[in-house]
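The values are calculated or read from the model by the stated rules, or taken from the named source; none is laboratory data. On a predicted model such as this, the values are computed, not experimentally measured, just so you know. Here Cβ is always computed from backbone atoms with ideal geometry, including for glycine, and neighbour counts include all displayed protein chains.
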């Protein structure tokens with residue numbers, strides 16, 4: 001793979017739809033391109049790009065909508081184009097009302113994403129597992145969903161509606177909103193912050209469409225396995241910040257060790273080697289291409 005993902009026989013959006021029609025798809029969260037490449041290398045068939053991961057990891061901001069749509073789309077595009085598997089990405093509230101939602105869909109699609117999710121919060125949004133959120137009306141969200149579906153160029157590009165109503169209104173309101181979002185055209189529902197296995201199960205019984213579950217750590221939802229979600233009928237399970245959290249904790253320990261000892265020689269066994277990184281990035285292919293081009297067009301006098 002050089003610079004971009006290899007040519008696809010079918011769109012990544014189409015590939016994602018086929019995947020979720022066949023099985024429950026686990027999607028590890030990637031906050032940069034090498035993490036997505038590692039997910040692909042270890043056998044995952046799709047990747048989730050967390051808005052929090054992009055914002056926290058790129059700018060050091062909290063997840064309150066401080067990066068603009070163009071910044072988010074560009075960063076997500078680097079990730080999506082580094083792998084040959086489909087990626088879906090957080091699009092927050094769509095970065096505005098219906099016209100801006102349409103522009104967001106076009107931008108994300110142009111950057112190579114297979115789909116996005118929109119949430120029904122009022123801006124500035126908050127993490128789905130924090131208190132203090134506010135919601136737009138169901139009708140406003142229905143308009144956003146319809147606008148998003150109208151804007152996409154590839155009919156397979158997935159429009160996923162994230163419903164935050166469980167933590168703000170009630171489980172019953174979350175169910176009603178989910179049903180209405182599907183009727184408005186959403187391809188799947190992201191049922192955020194369910195608070196028990198029973199709620200996940202009852203949601204799947206009452207909202208008849210593809211469902212996405214969020215297995216973020218330290219949140220309101222209990223931990224269920226991918227197989228357990230498959231048994232309940234969920235199509236996608238995301239692990240948005242798991243790699244980010246492990247990385248940050250590891251980096252903290254590494255820096256403490258460096259501060260205390262003045263050397264990291266004792267940490268070498270815990271590091272990805274230079275060769276392992278080069279293999280992940282396919283460094284040799286770039287070197288070989290450079291050599292091939294130099295041979296085809298040699299400098300005069302050489």
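Could you say whether any residue in segment 149-162 is within 21 Å of the chain's Cα centre (by Cα) and part of a helix (DSSP H, G or I)?
yes
Name, by its number, the condition in (1) more than 20 Å from residue 38 (Cα to Cα); (2) not in a loop (DSSP other than H, G, I, E, B) that does not hold for residue 263.
(2)
Please verify whether segment 6-13 includes one or more residues that are under 30 Å from residue 137 (Cα atoms) and either in contact (Cβ under 8 Å) with a residue 40 or more places away in the chain or under 16 Å from the mean Cα position of the chain (by Cα) (or both). Walk me through how you get there before you give the answer.
From segment 6-13, those under 30 Å from residue 137 (Cα atoms) are 13; that's our starting set.
Going one step further and asking which of them are either in contact (Cβ under 8 Å) with a residue 40 or more places away in the chain or under 16 Å from the mean Cα position of the chain (by Cα) (or both), we end up with 13.
There is at least one residue in segment 6-13 that is under 30 Å from residue 137 (Cα atoms) and either in contact (Cβ under 8 Å) with a residue 40 or more places away in the chain or under 16 Å from the mean Cα position of the chain (by Cα) (or both).
Could you please give the count of residues in segment 124-137 that are modelled with pLDDT of 80 or more and assigned to a loop (DSSP other than H, G, I, E, B)?
Adding up the residues that qualify gives 3.
State all residues of segment 217-234 that are touching a residue at least 40 places away in the same chain (Cβ under 8 Å), under 19 Å from the mean Cα position of the chain (by Cα) and surrounded by fewer than 17 Cβ atoms within 10 Å (Cβ to Cβ); if no residue qualifies, say none.
The one that is touching a residue at least 40 places away in the same chain (Cβ under 8 Å), under 19 Å from the mean Cα position of the chain (by Cα) and surrounded by fewer than 17 Cβ atoms within 10 Å (Cβ to Cβ): 218.
Would you confirm whether any residue within segment 291-298 is at pLDDT below 95 and either surrounded by 13 or more Cβ atoms within 10 Å (Cβ to Cβ) or not in a helix (DSSP H, G or I) (or both)?
yes
Taking segment 74-107, which residues are buried (at least 24 other Cβ atoms within 10 Å of the Cβ), touching a residue at least 40 places away in the same chain (Cβ under 8 Å), outside any loop (DSSP other than H, G, I, E, B) and under 14 Å from the mean Cα position of the chain (by Cα)?
The answer is 79, 80, 87, 88, 89, 90.
Return the only residue of 175, 251, 207, 246 being more than 20 Å from the chain's Cα centre (by Cα) and surrounded by fewer than 17 Cβ atoms within 10 Å (Cβ to Cβ).
Working: 175 fails: surrounded by fewer than 17 Cβ atoms within 10 Å (Cβ to Cβ); 207 fails: surrounded by fewer than 17 Cβ atoms within 10 Å (Cβ to Cβ); 246 fails: more than 20 Å from the chain's Cα centre (by Cα).
Of 175, 251, 207, 246, the one residue that is more than 20 Å from the chain's Cα centre (by Cα) and surrounded by fewer than 17 Cβ atoms within 10 Å (Cβ to Cβ) is 251.
What is the number of the single condition among (1) over 19 Å from residue 214 (Cβ atoms); (2) at pLDDT below 95 that residue 102 does not meet?
(2)
Would you be able to tell me the number of residues in segment 144-172 that are more than 26 Å from residue 18 (Cβ to Cβ) and surrounded by fewer than 16 Cβ atoms within 10 Å (Cβ to Cβ)?
3
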